[in-house]
Amino acid sequence: MPRATTHHVCSACGHESAKWHGRCPGCEEWGTLVEEAKPVPQAASARAGGGGGRGRALTPVPLSQVEAPRVARLRTGIGELDRVLGGGLVPGSLVLLGGSPGIGKSTIVTSALGNVVAGGGSALYVSGEESAAQVRLRAERLGPSVLAVPIVAETDLDAVVATIEAERPDVCVVDSVQVLHAAGLTGAPGSVGQVREVAGRLMRVAKTCGIAIVLVGHVTKEGALAGPRVLEHLVDCVLSFEGERERTYRTLRALKNRFGSTNEAGVFEMRDEGLVEVEDASARFVAEATPRAPGSAILCSMEGSRPLLVEVQALVAPTELVPPRRMANGIDRNRLALVLAVLTRHGGMAKQPALPDAHEGVLAVGSADVFVSVAGGVRIDEPGADLAIALAIASAARGVPLGSSDRPLATFGEIGLTGELRHVAHPDRRLAEAAKFGLGNVLHPGPALPDLGAALRASIDRSVGQQRAA
Ligand code: TYD
Ligand code: MG
């Protein structure tokens, strides 16, 4: 019988087994055994000898004497993508681009390769998911320069590696890492063992040949990179493409970047002719805002180093459901729960406010359905959004608009558990962006606005007063 070339290793405890088990015999965890290629057995002599074996001792060098050649980055010609990458692709690096199916991963990488070729660089598109003809149809929509991109449609890892080594392009895209198949392993393409092996081999090719390789990976509904989650530590850079398929706006973020900041984000819009960079995102979101409607606030947020104004909308509706519904779109659910809790405890939103002329539609948020959404399908992932969420909910619950007749209310700030308002990063840039769009009066944490109660008085109560005066 031929000797097996693979074994199964538990990803939790490292237990090795010749056979696959649903439950690890070592640590009794379920579903942790992953097929891996067996390491080449070392020569017996190497293992002999005392303690540390026969390795050659190395001489450590101070970091200042380490040679670090400044390699020119390869621009993809897509400004937002280059910025998120930290200035372009680094030769010899491995980038993982994750996102849910249909979000536009293939579209953005195809355009990027088209730009590289148009700029005199060489590129290679390895398509495992779609046939070359399908990719061509997409390329036709994206413009003539994209048609010059060389493509191979292949899922066999050995063939792909051989092609990359023979072609030696500047950039290679593998779309997607989950469909490539390493012949040595019996696991199905996309299984953890396969994906790890595929990425490991491509990484060696990238490093030895100095090629920038972009791996496209699908993300499951839960947000985990299916399989590729296990790649995050291996690759140099993890980009995540987010948004909703039905909406037009998409955000590109770096979750990990060995060559740049992870704070950057790019905003794109999906159009008929492909993904278009949105540079004036704030202008659009402000223009679409609804200042006269209760439950709308403009959030001065930061997308990395870039300020972005987005509209946060809330709806508070009576319900028979216990517990009531809480829906969050574009913000973290836990963040919403926290803001609601603070609103009820410290914002006086638990009971019907005992206003002398409490008008209809005043709802207690604790027992009503609460929906919060960031307009345009943008995802906001920073604590500075708390105050905008709280004010939008309060405004919806009390049925009073936050903004004045012509302009919406702009705000930002983090809410602490005791109801205090906390400072967030870059207040000056946020204020400057708001001022740029004529939103001069921004509610934000400061001596005049120490807590949530003060913010509610300065916004909702003032609006109620204005309504009464009118
Ligand atoms: P695609 O890049 O194939 O998504 P992914 O590789 O992430 O699965 O494209 C996603 C969607 O974008 C697809 O449903 C069609 C749409 N689309 C456009 O609206 N305009 C275009 O120019 C292109 C190429 C695609
Ligand atoms: Mg695709």
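Segment Lys207..Glu320, full-extension length gain: 34.7 nm, with 0.36 nm per residue of separation and the alpha-carbon distance subtracted. DSSP assigns beta bridges within the chain; of those with both partners inside it, close to 55 percent run antiparallel. Kindly point out, ordered by number, any Cys in the chain whose beta-carbon has no other cysteine beta-carbon under 4.7 Å away. Lone cysteines by the Cβ rule: Cys172, Cys209, Cys237, Cys300. With a Förster radius of 22 Å applied to the beta-carbon distance between Ser405 and Ala435, the computed FRET efficiency rounds to 0.65.
From least to most packed, judged by other beta carbons within 10 angstrom and beginning with the fewest, Lys436, Lys19 follow the order Lys19, Lys436. Here the chain is treated as a Stokes sphere of Kirkwood radius computed over C-alpha pairs; at 4 °C and 1.567 mPa s its diffusion coefficient rounds to 51 µm²/s. The stretch between Thr418 and Glu288, if pulled fully straight at 0.36 nm per residue, gains 43.4 nm over its current Cα-Cα span. Under 18 Å of direct C-alpha separation, and excluding same-chain neighbours fewer than eight residues apart, Lys436 reaches these aspartates and glutamates: Glu279, Asp280, Glu288, Glu303, Glu311, Asp406, Asp428. A cut-off of 5 Å between modelled amide H atoms, ignoring neighbours fewer than 5 places along the same chain, links Thr32 with Cys24. Once the Cα atoms are used to define both axes, helix 333-346 deviates from the longest principal axis of the chain by about 30 degrees. Between segment 375-449 and segment 74-129, what's the alpha-carbon centroid distance in Å? Comparing the Cα centres of segment 375-449 and segment 74-129, I get a distance of 35 Å. Only helical runs count toward this figure. For the chain, summing -39,500 (n - 2.57) over DSSP H runs of n ≥ 4 and dividing by all residues gives -7500 deg cm²/dmol at 222 nm. Put in order of Cβ neighbour count within 10 Å, fewest first, the listed residues Asp156, Asp272 become Asp272, Asp156. The label-point distance for Ser17 and Ser367, in a model that sets each label 7 Å from Cα toward Cβ, rounds to 5.3 nm. Cross-link pairs exceeding 24 Å in C-alpha to C-alpha distance, out of Lys38/Lys256; Lys38/Lys105; Lys38/Lys207, comprise Lys38/Lys256; Lys38/Lys105. If R0 equals 25 Å, the separation of the Cβ atoms of Ala37 and Ala133 corresponds to a calculated FRET efficiency of about 0.15. Once each part is reduced to its C-alpha centroid, what is the distance from segment 142-206 to segment 270-312 in angstrom? A separation of 37 Å, based on Cα centres.
Could you give the longest part of the chain that holds none of the GluC sites (Glu not before Pro) found in DSSP loops with at most 11 neighbouring Cβ atoms within 10 Å? So the longest stretch without any such site is 68-221.
Relative to the longest principal axis of the Cα atoms of the chain, helix 386-398 runs at roughly 40 degrees.
Values in this text are rule-based calculations from the coordinates and carry no lab data. Owing to the predicted nature of the structure, the values given are computational and were not obtained by experimental measurement. Using ideal geometry, Cβ is built from the backbone for each residue, glycine included, and neighbour counts are taken over all protein chains shown.
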